[in-house]
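The structure appears right after this line, and notes come after that.
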Amino acid sequence: RWSWPGPNKRPVYNFRSEGREFGSNRCLIVADGFYEFTDPKDPKKKRKDKWLFTKRDGPIFCIAGIWRKTDDVGEAFTMLTMEPGPDITPYHDRQIVILERHAWADWLDPAIPAQSLIKRLPQGSLRVDQVG
């Protein structure tokens, strides 16, 4: 069994997946995109550059997650992270675990090892647009 990191009353939004199996409480987090932020290319700009990542082969995707019940907020979830794939590497040193469509049902089956489903997407799987 995995244990939730940090104090019980503090929400956890991202959790490293490396070396963990997540034999229970797996969930799918449906999304149509996510953002990463980088230092601005223009030194006069005060805000960071904002990049939108979407999946090239469909309007939605699923992020591997885990959930638990808490005393203070009820059911809570967190997104798993991993080393970045080739589309993310220029923008960040970590990334959320995006599951391929064929792995969605398998992620919910605790009999299937989590690490067999956590994989980098092939280069070009994500579209990247600067949006700010």
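Values quoted throughout were computed directly from the atomic coordinates according to the rules given, and no laboratory measurement underlies them. Keep in mind that what you see is a predicted model, and the values were worked out from it rather than measured. Cβ placement follows ideal geometry from the backbone for every residue including glycine, while neighbour counts extend to all protein chains displayed.
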(Q) Along the charge dipole of the chain, pointing to its positive end and built from +1/-1 on Cβ of Lys, Arg, Asp and Glu, which listed residue (Val128, Trp104, Pro43) has its Cα farthest out? (A) Pro43
Q. By DSSP, what percent of the beta bridges with both residues in the chain are antiparallel, rounded to the nearest 5?
A. 90
**Q.** Relative contact order %, the range 7-80, counting alpha carbon pairs below 8 Å whose residues are six or more apart
**A.** 38
